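First comes the structure, then the notes that go with it.
The values are calculated or read from the model by the stated rules, or taken from the named source; none is laboratory data. Computed from a predicted structure; not experimentally measured. Cβ placement follows ideal geometry from the backbone for every residue including glycine, while neighbour counts extend to all protein chains displayed.
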Amino acid sequence: MSVTVFHYVFLATVLFSIGAYGLLSSRNAVRMLMSIELMLNAANINLVAFSSYLGNLAGQAFAAFTIAIAAAEAGVGMAILLALYRNFRTVNLREIKELRW
Amino acid sequence: MIDSLVFFIISAVVIAGAVGVVMAERIFHAVLALALALLGVAAVFVTLGAEFLAVIQVLVYAGGVVVLFLFATMLTKSDLQLKRPPRGDELAPVSAVVFAIVALFYVASSGFAPLGERISVLGSVSGVGGLIFNPQAYVIPFELVGLLLLAAMIGAIFLAKKEAAK
């Protein structure tokens, strides 16, 4: 039995679901950002898998763009976290109640 | 045969790392599990014939983003808080499991199987580079990504710097 594109899409779905669970369930902002990275990686696996099985390199080019944007997102997220920590002395998002109803 | 064995081993590593990110008690261990998962994704790229993306993945993620997360963990002392995720709302796991079931059903019922064998894409590095720098293809998105990275860098410095004493 050979590996088909279905296997890769299945792996990406599982990875995305784990990331979504982590994003929804965690209180710590650092862990939430890490879960977002997992979900972006799942999307990248899909792009590269279809690129490889269809013989079209556009998917790989878009995956490279996704990696760059994920790095920018991580950097800005970290900066926001540091500013939050400086103001509230915590990164527990359940304790930060400003700007919420 | 050996293909599928390699694929299943790599998938097990990726999923173990992802579960570690979500389930680890300490954030520090979660960051190490994230490094494992990201290196596993790089290995997935290698099995797909995308060597260029695998190298980029190791450089940017395992080299840059993981170190950034380690810095954030230590600077915000978040390893000392919240060693256990507090119990209380079961809505998050239920909705995530429902989402996973629906997504897996959709994947299983869609017709990806006829794509068949992998087409070996020739020259991953030169192919992707030629596509990105081709004026007929993606050179404008490439420049926009550069602009976005510059804006993100300036924004991150602005957000993270200490406020001037008034």
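Inside segment B:66-89, can you point out the residues that are β-branched (Val, Ile, Thr) and at pLDDT below 90?
Of everything in segment B:66-89, those that are β-branched (Val, Ile, Thr) and at pLDDT below 90 turn out to be B:Thr73, B:Thr76.
List every residue pair whose Cβ atoms lie under 6 Å apart, where the two residues are 6 or more positions apart in sequence or sit on different chains, the first residue falls within segment B:28-52 and is of a type in the set (Asp, Glu), and the second residue, located anywhere, is crowded, with 21+ Cβ neighbours inside 10 Å.
Going by the 6 Å Cβ cut-off, the qualifying pairs are B:Glu51/B:Ser124.
Being in a helix (DSSP H, G or I), small (Gly, Ala, Ser), more than 7 Å from every other protein chain (Cβ to nearest Cβ) and surrounded by fewer than 19 Cβ atoms within 10 Å (Cβ to Cβ), is that true of even one residue in segment B:25-34?
Among the residues of segment B:25-34, not one is in a helix (DSSP H, G or I), small (Gly, Ala, Ser), more than 7 Å from every other protein chain (Cβ to nearest Cβ) and surrounded by fewer than 19 Cβ atoms within 10 Å (Cβ to Cβ), which makes the answer no.
To keep it simple, each residue is scored yes or no on (1) assigned to a helix (DSSP H, G or I); (2) more than 11 Å from the chain's Cα centre (by Cα); (3) within 7 Å of chain B (Cβ to nearest Cβ); (4) on the phi < 0 side of the Ramachandran plot.
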site: A:Met34; (1), (2), (3), (4): yes, no, yes, yes
site: A:Leu38; (1), (2), (3), (4): yes, no, yes, yes
site: A:Ala43; (1), (2), (3), (4): yes, no, no, yes
site: A:Asn46; (1), (2), (3), (4): yes, yes, no, yes
site: A:Phe50; (1), (2), (3), (4): yes, yes, no, yes
site: A:Ala61; (1), (2), (3), (4): yes, yes, yes, yes
site: A:Ala68; (1), (2), (3), (4): yes, yes, yes, yes
site: A:Ala74; (1), (2), (3), (4): yes, no, yes, yes
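Tell me whether segment B:93-101 contains one or more residues that are at pLDDT 90 or above, outside the structural domain of B:Ile132 (by TED's automatic domain parsing) and more than 30 Å from B:Ala160 (Cβ to Cβ).
No, that holds for no residue.
Residue check, B:Leu53 against (1) touching a Gly at 6+ places or on another chain (Cβ under 8 Å); (2) within 16 Å of A:Ala70 (Cβ to Cβ), all met but one. Which one?
It is condition (1) that B:Leu53 fails.
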